[in-house]
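Step one of this worksheet: look at the structure below.
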Amino acid sequence: MKSSVDALNCPNCGAPLEFTQDQTLVRCKFCSSSVERSDATPTLDDAGHALRASFADGRITVEQSSNARRFVIKMRGGRPVVIEDSQIVPQVVTSVSYIATNSQVAQAKAGGCVAPFLIISFILLVTIVPIILAMGNPTQIANVLKLVFSGKIDEAITTTSTLGKNVRVSGSGVLAPFGADGPPDIIVLTNQFPLGEGETENRILALRSAEPVMLWQSESLGKSVYRAPIMAGPDFVYALHEDKLWALHRADGQTAWTATLADKVSFSVCPNCVRLLGIYLFTLSDDGTLQAYNAQTGAPAWKFQANQDSPRGLYVLGGRLAFIDQDENNHGLLRLFDPASGKMETVQPECRPDRNSRYASYASWTTPIYTSPDAASFYILFDECVQHWDAKTLKLVWSTTPADRFYGEVFPLATEEAFYLGVQGKLVVFEAVTGKLQTLLEDKDYEFVALAVEGDTLIVRAIRTRGSQRSELWALDKSSDKRRWMVDLGESPSLDPPHASAGSISEDKPVWTWHITSKGLAILRFKAAEDDVSHAILLETLDVKTGESSGQQEIRLGVDTIILSAPGFTLWQGDTLWMPIEGKLLGFDAAAGKITYRWP
């Protein structure tokens with residue numbers, strides 16, 4: 001039984017296509033896709049099984065074995081490829097073709113279709129054969145072939161845009177939620193350079209987190225965009241580099257709009273000076289210009305010029321945008337703006353250690369603000385005061401004066417119940433409701449940073465500053481303040497601040513980080529190997545309450561490099577850590593102790 005193809009639908013947009021009797025190539029009127037009808041139509045048996053399909057160029061034949069679910073693809077000059085239990089059998093030549101499945105044939109027969117079996121050829125891999133022959137970029141080629149032979153034609157088409165290039169995931173990334181229950185996409189900045197001659201370029205790229213599949217990539221952002229903050233909403237992705245702002249469609253990565261700011265944004269001093277809030281995007285540039293954009297259209301919504309320049313922070317307090325500026329008397333002033341209208345409210349926090357004193361100290365751009373977990377309140381840290389404010393009413397809840405002044409950068413921990421703060425060899429805690437102060441730890445040889453509260457256990461990083469710097473993890477009983485257990489991490493640097501490590505990893509000093517997983521407190525050490533191949537993660541999981549260890553497990557990273565660099569960013573999703581390692585994006589399941597994701 002023979003079948004011929006006289007009419008079909010566009011495989012790209014679904015619009016009807018019409019072929020004349022002698023026409024083999026037609027262009028879709030709606031999406032301009034080119035669709036080719038093969039001259040050779042496969043023979044079908046009575047059950048609708050494809051017995052043989054020979055393509056016009058003679059490069060590929062498809063034969064059915066005695067097993068109806070087993071196909072053999074023969075490429076001229078190459079080894080036969082066997083496809084087991086496949087519903088779609090695609091092949092890669094100068095174009096990609098696919099054969100309708102047995103069930104599709106049966107459905108076509110039942111519906112009385114003229115074409116119970118379709119062979120659709122559409123030109124979409126015009127460069128793959130020369131690249132394969134040149135043996136270029138085998139990783140990307142393998143990714144394309146894997147997608148093709150899995151029947152994922154759309155993803156294969158997208159991935160071909162990386163062929164002929166070395167693609168490296170660089171220092172920016174974000175997890176972008178996809179619906180209420182679906183796994184998020186991963187949006188990353190990549191550095192790309194051709195295998196041959198050509199200029200280096202940087203592009204934003206979207207990956208599916210459930211499997212290492214590229215969804216889209218943006219147009220080139222230029223040659224010098226090595227690190228840029230990325231934000232993602234349900235419909236758009238945003239990136240900012242110096243004074244250039246990009247908005248990309250979440251569906252396909254096409255540029256939706258761009259904007260040039262009044263001045264650049266220096267993220268080294270103001271890492272949160274770009275914010276996405278509802279349908280508005282906000283930037284606070286180095287000259288003190290707060291600009292609001294409609295995040296969907298890019299239209300400027302409103303603008304405010306601060307009195308002071310060189311900002312240090314842009315915050316979201318009680319659903320409003322906020323930053324600390326100066327008034328006409330050079331006193332610190334907290335300005336808060338309605339996101340839609342730009343309507344401004346102001347409040348002037350002041351610190352009076354002695355309530356009877358005539359003199360007060362005011363906040364400045366360098367005065368840090370920290371929000372509570374529910375975002376209903378915020379804390380302001382003066383040199384001599386800690387203050388708790390209601391974010392909605394802008395009323396002062398309490399102001400407490402510790403015995404020690406604050407110097408340098410601090411890393412507090414805010415919970416629903418308390419505010420933990422390391423200062424001058426002490427770890428102190430303020431009760432959230434009353435501001436009551438209690439000293440939990442005191443040792444002049446240490447610097448303390450509260451990391452997390454898990455049940456009745458407080459996890460603390462204790463940094464020994466006397467002599468050579470060493471790090472330890474302590475677990476405190478919240479009720480008695482007694483130390484339950486301790487882990488000595490030696491002189492190994494931490495991936496997290498303070499004293500965060502970046503750049504290359506020493507062979508004798510692994511870089512470490514931590515995370516509370518479903519199995520307990522996981523300690524991850526990134527270890528460089530002398531043979532440049534056996535680089536690994538050393539994983540140890542502790543019972544949070546007792547400190548009992550599961551033992552140390554070594555998981556090879558699978559990268560071959562002379563210099564192993566610390567991850568440029570880390571993104572935790574439950575038990576999984578997403579991170580770039582030597583240009584590859586890895587997903588590491590810290591509960592299972594294995595690498596579950598690798599791209600490219």
Strands (runs of 3 or more DSSP E) enclosed by the range 242-307 - at least 2 residues per element that are open to solvent by 50 Å² or more (accessible area, probe 1.4 Å) = 244-249, 255-260, 274-277, 300-305
Among the residues of the range 526-539, which ones are aliphatic (A, V, I, L, M), within 22 Å of residue 494 (Cβ to Cβ) and not in a strand (DSSP E or B)?
-> 528, 529
Please verify whether the range 393-403 includes one or more residues that are over 38 Å from the mean Cα position of the chain (by Cα), β-branched (Val, Ile, Thr) and not in a strand (DSSP E or B).
-> yes
Restricting attention to the range 324-348, which residues are more than 16 Å from residue 288 (Cα to Cα) and in a strand (DSSP E or B)?
-> 345, 346, 347
Name every residue in the range 209-235 that is touching a Phe, Trp or Tyr at 6+ places or on another chain (Cβ under 9 Å) and in a strand (DSSP E or B), in order of residue number.
-> 213, 214, 230, 231, 232
Of the residues that make up the range 458-476, is at least one closer than 23 Å to residue 552 by Cα, in contact (Cβ under 8 Å) with a residue 24 or more places away in the chain and open to solvent by 30 Å² or more (accessible area, probe 1.4 Å)?
-> no
Of 566, 590, 529, the only residue that is within 30 Å of residue 165 (Cβ to Cβ) and crowded, with 17+ Cβ neighbours inside 10 Å is 566
Tally of residues being surrounded by 16 or more Cβ atoms within 10 Å (Cβ to Cβ), under 20 Å from residue 322 (Cα atoms) and not small (Gly, Ala, Ser) across the range 384-397 | 6
Of (1) over 22 Å from residue 581 (Cβ atoms); (2) outside any loop (DSSP other than H, G, I, E, B); (3) of a type outside the set (Asp, Glu); (4) open to solvent by 20 Å² or more (accessible area, probe 1.4 Å), residue 191 fails just (1)
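Tell me whether the range 411-420 contains one or more residues that are over 30 Å from the mean Cα position of the chain (by Cα), among the aromatic types (Phe, Trp, Tyr), modelled with pLDDT under 95 and within 25 Å of residue 315 (Cβ to Cβ). Spell out how you get there, then give the answer.
Residues of the range 411-420 that are over 30 Å from the mean Cα position of the chain (by Cα), as a first pass: 417-418.
Add one more test, that the residue is among the aromatic types (Phe, Trp, Tyr), and what stays is none.
Looking for residues that are over 30 Å from the mean Cα position of the chain (by Cα), among the aromatic types (Phe, Trp, Tyr), modelled with pLDDT under 95 and within 25 Å of residue 315 (Cβ to Cβ), one finds none in the range 411-420, hence no.
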Using beta carbons and a limit of 9 Å, which pairs, at least six apart or on different chains, have the first residue in the range 426-446 and under 15 Å from residue 402 (Cβ atoms) and the second one hydroxyl-bearing (Ser, Thr, Tyr) and open to solvent by 60 Å² or more (accessible area, probe 1.4 Å)?
-> 426/439; 427/439; 428/439; 429/439; 437/401
Residue 430, sole failed condition from (1) within 23 Å of residue 544 (Cα to Cα); (2) open to solvent by less than 10 Å² (accessible area, probe 1.4 Å) | (1)
Residue that is farthest from residue 588 (Cα to Cα) [pool: residues in the range 194-210 that are touching a strand residue (DSSP E or B) at 6+ places or on another chain (Cβ under 8 Å) and open to solvent by 30 Å² or more (accessible area, probe 1.4 Å)] = 199
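In the range 278-288, is there at least one residue being under 18 Å from residue 364 (Cα atoms), hydroxyl-bearing (Ser, Thr, Tyr) and more than 25 Å from the chain's Cα centre (by Cα)? Steps first, answer last, please.
Residues of the range 278-288 under 18 Å from residue 364 (Cα atoms): 284-288.
Subset that is hydroxyl-bearing (Ser, Thr, Tyr): 285.
If we keep only those that are more than 25 Å from the chain's Cα centre (by Cα) as well, we get none.
Within the range 278-288, not a single residue is under 18 Å from residue 364 (Cα atoms), hydroxyl-bearing (Ser, Thr, Tyr) and more than 25 Å from the chain's Cα centre (by Cα).
Residues checked against (1) without any contact (Cβ under 8 Å) to a residue 60 or more places away in the chain; (2) closer than 19 Å to residue 489 by Cβ:
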position: 524; (1), (2): no, yes
position: 541; (1), (2): yes, yes
position: 548; (1), (2): yes, yes
position: 556; (1), (2): yes, no
position: 560; (1), (2): yes, no
position: 564; (1), (2): no, yes
position: 580; (1), (2): no, no
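Of all residues in the range 353-383 being part of a loop (DSSP other than H, G, I, E, B) and in contact with a Phe, Trp or Tyr (Cβ under 8 Å, 6 or more places away or on another chain), which is most open to solvent (accessible area, probe 1.4 Å)?
Filtering the range 353-383 for residues part of a loop (DSSP other than H, G, I, E, B) gives 353-360, 363-368, 372-376, 382-383.
Subset that is in contact with a Phe, Trp or Tyr (Cβ under 8 Å, 6 or more places away or on another chain): 363, 365, 367, 372, 382-383.
Values: 363: 8, 365: 15, 367: 16, 372: 11, 382: 8, 383: 86 Å².
Per the criteria, the residue is 383.
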Scanning the range 342-363 for residues that are out of contact with any His (no Cβ under 9 Å at 6 or more places or on another chain) and modelled with pLDDT of 90 or more, the one nearest to residue 301 (Cα to Cα) turns out to be 342
Residue count, the range 467-502, condition under 15 Å from residue 525 (Cα atoms) and in a loop (DSSP other than H, G, I, E, B), comes to 7
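The values are calculated or read from the model by the stated rules, or taken from the named source; none is laboratory data. Every value quoted in this text rests on a predicted model; they were computed, and no experiment measured them. Positions of Cβ are generated from backbone atoms using ideal geometry, with glycine treated the same way; all protein chains shown enter the neighbour counts. All accessible areas refer to the heavy atoms of the entire protein, side chains included, with ligands and DNA or RNA removed. Shrake-Rupley method; radii C 1.70, N 1.55, O 1.52, S 1.80 Å.
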